[in-house]
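Taken together, the values in this text are just the output of simple stated rules run on the coordinates, not laboratory data. For clarity, every value in this text was computed on a predicted model and none was experimentally measured. Ideal geometry is used to build each Cβ from the backbone, glycine not excepted, and the neighbour counts take in all protein chains shown.
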């Protein structure tokens, strides 16, 4: 069996660390969560499997790594559209909803509501803006029911947004394409986005005529937009096994830290791998709530036996992250090593089994290789 110990990679972890913030943004449909780092105005489309008819849509901005300027005049806007199929004949559904919240307070990096904060919500039955419903909420206690501002995060709950616009809370999200836009005033600077002009805010980002008290605070602000589908991809139940000690992982789904996931008290160390640079970034387990899907990590667990996680994946069967020298590959289901040598143009894979490095090399008899199957949840190095 070809196997050897190699402590250099683990030792390197302890000399290249810096704190890492969670992803800027996440979209949640039912129990399925996809997190992304904002790097530009448009976010790649996300495809979710079918969910229950009363499942919610939740959008979360994490501004903990942003440059937040003290003010009492910050603002936030959000819109979402459901692109109906031609076969849809529903006459009582609203296809667009929009929300503007202002003013918001920012002080010492903390975002909060003010006594005079208002939420104005709109809903349209048709995308040509026919059959409009709208309302304004001015009571601070009531505003808090429709928009969640929690320290450095802003959470938009679609059911609450519909209620704020005077619509029924629940709307079946399945079998539709969705498009969303989020924008915020320049008091919340993410760092990689360009300011939006006043005309862009009114003509594109907030497709409705608002009075200047709502649009002006968002001029020269920032925004992101994206699309997602619900019910157009299949979901696969996948088990992932983590060993006591160190694990080299790339999860096929987001895993929470706590009940139903990885116990925080047993998560000793987390290091995120940057394959492109070959570096590692330390993460404080106490400062995150989950490990992201499709992100390679070294994690150390203080457990006495194998921990089995279960979840639903929507990822491609084979996922590759390329680096200048070494690459990482992960899979969504058990995959024979022999089936992807040619696909990845490689002669071998290396895997940390919790105690030592194991290899699988092309041309070597199976009985002499350390493994012959790539397993979901694990990450494998190759050249």
Q.
Pick from 260, 279, 151 the residue whose mean-square fluctuation is largest in a GNM of the chain, springs joining Cα atoms under 10 Å.
A. 260
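Ordered by packing density, taken as the mean number of other Cβ atoms within 10 Å over each peptide's residues, highest first, how do 179-186, 238-245 rank? The partial results should precede the final answer.
On the way: 179-186: 21.1, 238-245: 17.0.
My ranking of the peptides, most packed first, is 179-186, 238-245.
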Q: Please find, in a Gaussian network model of the chain (springs between Cα atoms separated by less than 10 Å), the residue of 213, 50, 153 whose mean-square fluctuation is greatest.
A: 213
Q | Inter-probe distance in nm under a simple model that places probes 7 Å from Cα toward Cβ, at residue 339 and residue 265 | A | 4.1
Q.
If I model a spin label at residue 220 and residue 69 as a point 7 Å from the Cα along the Cα→Cβ vector, what separation in nanometres do I get?
A. 0.7
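Given the Cα-Cα distance of residue 282 and residue 84 and 0.36 nm per residue of separation, how much length would full extension add, in nm? It would help to have the intermediate numbers written out before the result.
Numbers: separation 198, 0.36 × 198 = 71.28 nm, distance 4.41 nm.
Extra length from residue 282 to residue 84 when fully extended: 66.9 nm.
Once every DSSP H run of n ≥ 4 in the chain is given -39500 (n - 2.57) and the sum is divided by its residues, what mean residue ellipticity at 222 nm do you get, rounded to the nearest 500 deg cm²/dmol? Mind showing how you got there, number by number?
Working: 4 runs with 24 residues, N = 383.
After summing the helix terms and dividing by residue count, I get -1500 deg cm²/dmol.
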Q. Given labels modelled 7 Å from the Cα in the Cβ direction, how far is it in nm from residue 364 to residue 235?
A. 3.9
Q) In whole Å, how far is the Cα centre of the range 138-180 from that of the range 257-293? A) 30
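At a Förster distance of 30 Å, what's the computed FRET efficiency of residue 212 paired with residue 54, Cβ-Cβ distance as r, to 0.05?
Working: r = 38 Å, r/R0 = 1.26.
Rounded to the nearest 0.05, the efficiency is 0.20.
Going by average Cβ density within 10 Å per residue, which order do the peptides 335-347, 246-258 take, highest to lowest? Walk me through the numbers on the way to the answer.
On the way: 335-347: 14.1, 246-258: 21.7.
Highest-to-lowest ranking by the protection proxy: 246-258, 335-347.
Extension gain residue 177-residue 155, at 0.36 nm per residue separation less the Cα-Cα distance, in nm?
Values: separation 22, 0.36 × 22 = 7.92 nm, distance 2.12 nm.
Full extension of this stretch gives 5.8 nm more.
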Q. Between 79, 219, 42, which gets the highest mean-square fluctuation from a Gaussian network model of the chain, Cα cutoff 10 Å?
A. 42
